[in-house]
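Trainee: If you scroll down you'll find the structure; I have some questions about it.
Please treat every number below as a calculation from the coordinates, not as lab data. Keep in mind it's a predicted model, so treat the numbers as computed, not measured. Reconstructed Cβ throughout: ideal geometry from the backbone, glycine too, with neighbour counts over all protein chains shown.
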Amino acid sequence: MVCALALTLAGCGETGGEEPTGLSDATTTAPEGPATTPAGEPSEPPPGPTEHAFPEAGVTIVTPPPGGPAEEAALAAYVEFAREWRWSLAEVRLSEQLAALAVGPVIESVQRSLDYQVDNGIRYGGQMVITPVVEESSDALVVLGGCVDGSEVVLIDDGEERAPDGLDENPVIPMRVVVANDGHGWRVNENTLDEDASC
């Protein structure tokens, strides 16, 4: 159940498997108060976090302002991955888009979770919020930490909903994601959730 629960928090939606349409249609920037220059004149506010809401996929990702082009590209790749990952676990079938968004071992991990769901007749619903932060960054590698709030995730078993095991103890858990550019684009190389810890 540990493997399945670690992947549970990416469960629900109905649009996975479709070609990603980009982030601009699903993003909003959190409002910030007006900033002023030393002369007291209004200036551009500092960039704030950006909310990528996919209610049909049961996930919202709140990304920090990127510190450069590499971070921007890595965060965009992760947002698309998280949407398709969660959709896959809700629909109990692998999104065709994941192959372009993650490396083989990550895809295999998702598939193992799907196999577990099939064997046990379960799926995941509800909503979750992912709040990544950039911990390390270079031109070809970005490491994300942050938190996953699964407090509204539900496990659906024979049509009945309940909280997944362990969720009541740690509803908000730490995450570690590695996104790398191998010369053919940015892809998720690691996606780990620590359901035994609190964030």
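Trainee: Working only with C-alpha atoms, what are the Rg and Dmax values of region 50-193, expressed in angstrom?
Mentor: For region 50-193, the Cα-based Rg and Dmax read 15.0, 47 Å.
Trainee: Turning to a different aspect of this structure: Ordered by residue, what ³J(HN,Hα) values in Hz, to whole numbers, does region 87-104 give under the Karplus form 6.51 cos²θ - 1.76 cosθ + 1.60, where θ = phi - 60° and Gly and Pro are x?
Mentor: Each residue's phi maps through the Karplus curve to give 4, 4, 6, 7, 8, 6, 7, 6, 5, 5, 6, 4, 4, 8, 10, 8, 7, x Hz.
Trainee: Could you give the nm distance between label points at residue 56 and residue 100, where each point is 7 Å from its Cα heading toward the beta carbon?
Mentor: Simple spin-label model gives 1.7 nm for this pair.
Trainee: Taking the Cβ of residue 177 as the center, what net charge do the other residues with Cβ under 10 Å away carry, scoring Lys and Arg +1 and Asp and Glu -1? Don't jump to the answer; show the numbers that get you there.
Mentor: Details: positive: 176; negative: 135, 190.
Combined, the nearby Lys, Arg, Asp and Glu give -1.
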